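Q: Have a look at the structure that comes next, please.
Coordinate-derived values only; no laboratory data. Computed from a predicted model, the values in this text were never measured in an experiment. We place every Cβ from the backbone using ideal geometry, glycine too, and count neighbours over all the protein chains shown.
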């Protein structure tokens with residue numbers, strides 16, 4: 001199955017549900033999941049609609065990360081060394097339990113854990129990753145890890161981690177690279193094309209769509225489910241155009 005959608009509701013929810021078959025919930029990154037709201041969103045969705053969600057930044061990002069400026073939830077600064085970077089602390093695992101509760105409210109199929117570039121590859125961070133995924137490995141959903149920074153120059157270490165755990169998949173932008181380990185589920189996040197890791201102002205072209213189609217045809221031989229989540233300012237338009245192309249070609 002191919003799921004095409006956007007990172008966040010870029011249209012009204014009613015309109016979005018009528019156009020796409022998946023959404024990646026973004027607000028769960030900035031603050032702990034609002035369980036009541038997530039249950040309401042899930043009830044509004046069509047029966048065959050699929051949800052994924054981003055994990056709360058308390059798990060991945062230290063409190064001095066700029067992303068915390070958008071957070072409404074206040075964390076005791078005295079505990080700053082207990083949060084982020086997948087540290088094996090009580091605080092990180094408590095934060096994960098809140099994320100799992102949100103995923104259950106949505107019946108989410110994938111939880112995306114996006115580690116920041118500052119969480120670079122090191123032996124300590126490698127141990128944190130392995131210990132974290134050992135503790136949270138599950139049969140209930142996939143955990144999509146999107147490593148950035150110098151991990152991308154140490155793909156053999158990414159492969160070592162992902163291969164260890166049945167529930168962990170390698171989340172990538174297919175215009176940059178492909179997953180280092182093939183799994184039954186493949187998860188793509190499209191951040192725009194260019195030299196930088198992200199280019200949110202990028203508008204995808206017909207040539208880009210043709211390249212993406214070729215990638216999907218390759219991945220379909222290895223994965224049963226392929227998620228394609230656009231994450232640029234033109235994502236509503238780009239996702240609809242690509243969905244129409246997929247439908248026309250009956251892929």
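Q: What do you get when you divide the Cα radius of gyration of segment 115-251 by 2.2 N^0.38 Å, with N the number of residues?
A: Details: Rg = 15.7 Å, N = 137, 2.2 N^0.38 = 14.3 Å.
Working it through for segment 115-251, the quotient is 1.10.
Q: How high is the relative contact order of segment 134-251, given as a whole-number percent (alpha carbon pairs under 8 Å, six or more residues apart)?
A: Working: 152 pairs, mean separation 24.8, N = 118.
Value for segment 134-251: 21 percent.
Q: Okay, moving on. Which order do 53, 1, 235 fall in if you start with the one that has the fewest other Cβ atoms within 10 Å?
A: 1, 235, 53
Q: Here's another thing I want to ask about it. Give me the orientation-averaged projected area of the Cα convex hull of segment 2-249, in nm², one decimal. Walk me through the intermediate numbers first.
A: Details: hull surface 51.4 nm².
If you wrap the Cα atoms of segment 2-249 in a convex hull and average its projections, you get 12.9 nm².
Q: Now a separate question. How long are the three semi-axes of the equivalent ellipsoid of segment 197-248, in whole Å, if each is the root of 5 times an eigenvalue of the C-alpha gyration tensor, listed from largest down?
A: Values: eigenvalues 78, 32, 22 Å².
Over the Cα atoms of segment 197-248, the semi-axes work out to 20, 13, 11 Å.
Q: Got a sec? How would 227, 121 order by Cβ neighbour count within 10 Å, fewest to most? Numbers along the way, then the final one.
A: Values: 227 26, 121 18.
The fewest-first ordering by Cβ neighbours comes to 121, 227.
Q: Going highest first, how would you order 2-8, 88-94, 188-194 by mean Cβ packing within 10 Å?
A: On the way: 2-8: 22.1, 88-94: 14.9, 188-194: 20.4.
By packing density, highest mean first, the sequence is 2-8, 188-194, 88-94.
Q: Also: Could you grab the relative contact order for the chain? Cα pairs under 8 Å, six or more apart, rounded to a whole percent. Each step should come with its number before you reach the end.
A: On the way: 433 pairs, mean separation 47.7, N = 251.
For the chain, the relative contact order is 19 percent.
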